[in-house]
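Heads up: the structure comes next, in structure tokens.
Please treat every number below as a calculation from the coordinates, not as lab data. Keep in mind that this is a model prediction, so the values were computed, not measured.
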Amino acid sequence: MSGGSRGSWSGHAGFILAAAGSAVGLGNVWRFPYSTSQNGGGAFVLVYIAAVLAVGVPIMVAEVLLGRSTQRNPVGALRALAPGGGWPLVGMLGVVAGFVILSYYGVVAGWTFDYLFMSLTGTLQSGASMQSVFESLTGSPLRQICWQAVFMLATVAVVARGVEAGIERASKVLMPLLVAFLLVLLGYALTSEKAAEGLSFFLTPRFTDLGWDGVLAALGQAFFSLSLGMGAMITYGSYLDNEYSVLRSGCLIASMDTLIAVLSGLVIFPLVFSFGLDSTVYGPGLVFVVVPEALLRMPASAMLSTLFFALLLFAALTSAISLLEVVVAFLIDEFGWSRSSAAWGAGGLIFALGIPSAMSGDFLGWADRLASEVMLPVGGLLIALFVGWKLPVERALAGYSGAGGSGGFTLWRLCVRFVAPVAVVVILLQKIGLFG
Ligand code: PHE
């Protein structure tokens, strides 16, 4: 296989699992429902899906292609294809985005850990309202920092051992299990009292509630959820050999990711309305209030909440691994660090950077928006411009086809050259008010 001593996936299925593991995470179950609730519901969902198709999939393909054809980290990949220019800085932006995202991602994943622990010890079932449970957690910086530390240790421990060990095998079982669990919750949610109102909020587009802020939020959510714009897919693509269709891989990963996000929305919103909650007030706490509230009403609730938070934690872990892997691959390739010093060094620094997010929800929200609404869209735009305009068409075609066919190349290239860049630029410019 092509990865050599850098490590590689055990074939195509391994790559798909790892890339889907990167994409599916807190972005789907935590961030998507909460963003949807804050941006008016159905219209947000519609713009989100359009962004996945028109911008997300083409950029996903571009990233995998860049990684696969260079077998390098994001900085090295761009340098290999365009030596001497400023393009490697795009890879650097991705490495920085990895630092920023993982810093607060570790805090939210820490909440998941705390809820898992509370489910195991029965504290979650002790009768307190879920809102007060969530508030007491987020009101305690120390408690959050401890769980964040535990989560970061787990992430570093996996990344230090290398890409092929363990992640794939665990993903194969646990991801389908997460989907199955969501389907069970879906059954409960859809038969709940005010399910129809929840579905109408989630599925009926009311564009007056959206605005350009909402459009940018939907675009940012697409980048975040698909792990795009910062080189995670370049890095994972660099461990992939070249027999498989990058287009088919990209479509497969994007559809799994979108399916799980939509499933989460279909679960959350009927429950929100049936419980008479006001989804807009919970913000980042939405899933952590609504889902346990539902689980408490089910039989064997301690077992179910343990299972749910364990699965969510695992989904978060496979995403965090990919975030750290971007930084680690960069340190290994560019500075010759050993894998374990890179993982421990970068992991330690990222943990420290995350402490302000554990101390202040406002800071966490700010870092989250900086990453998803600025860094990832700008990174994705530059990657699209690089692959669409800078990379000679023969090289793009060779990278796209690998050892296989070139089906879909023309349509894909049209999207990376025009559709995706124009969409991102228009939305960003709207946001800063350039169109009045
Ligand atoms: N896609 C991940 C999620 O949905 C988060 C992520 C973003 C991972 C960017 C890697 C890169 O949780």
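If you take the alpha carbon atoms of the stretch 90-147 and fit the smallest convex hull around them, that volume is 82 Å³ per residue. In the stretch 263-396, the inverse of the mean reciprocal separation of distinct Cα atoms equals 18.7 Å; this is its Kirkwood hydrodynamic radius. Its alpha carbons give the stretch 29-431 an Rg and a Dmax of 20.7, 64 Å.
Net length available on complete extension from VAL425 to ALA196 is 78.7 nm, with 0.36 nm assigned per residue and the Cα-Cα distance removed. Which residue, GLN148, GLN71, GLN131, has the most motion in a Gaussian network model of the chain that connects Cα atoms within less than 10 Å? Comparing GLN148, GLN71, GLN131 in the GNM, the peak value goes to GLN131. Result for the chain in a Gaussian network model with C-alpha springs under 10 Å: among MET60, MET92, MET303, the largest mean-square fluctuation is at MET303. Pairs of Cα atoms nearer than 8 Å and 6+ residues apart set the relative contact order; for the chain it is 37 percent. For the stretch 265-329, the Stokes-Einstein estimate of translational diffusion at 25 °C and a viscosity of 0.890 mPa s comes to 181 µm²/s, using the Kirkwood hydrodynamic radius over alpha-carbon pairs.
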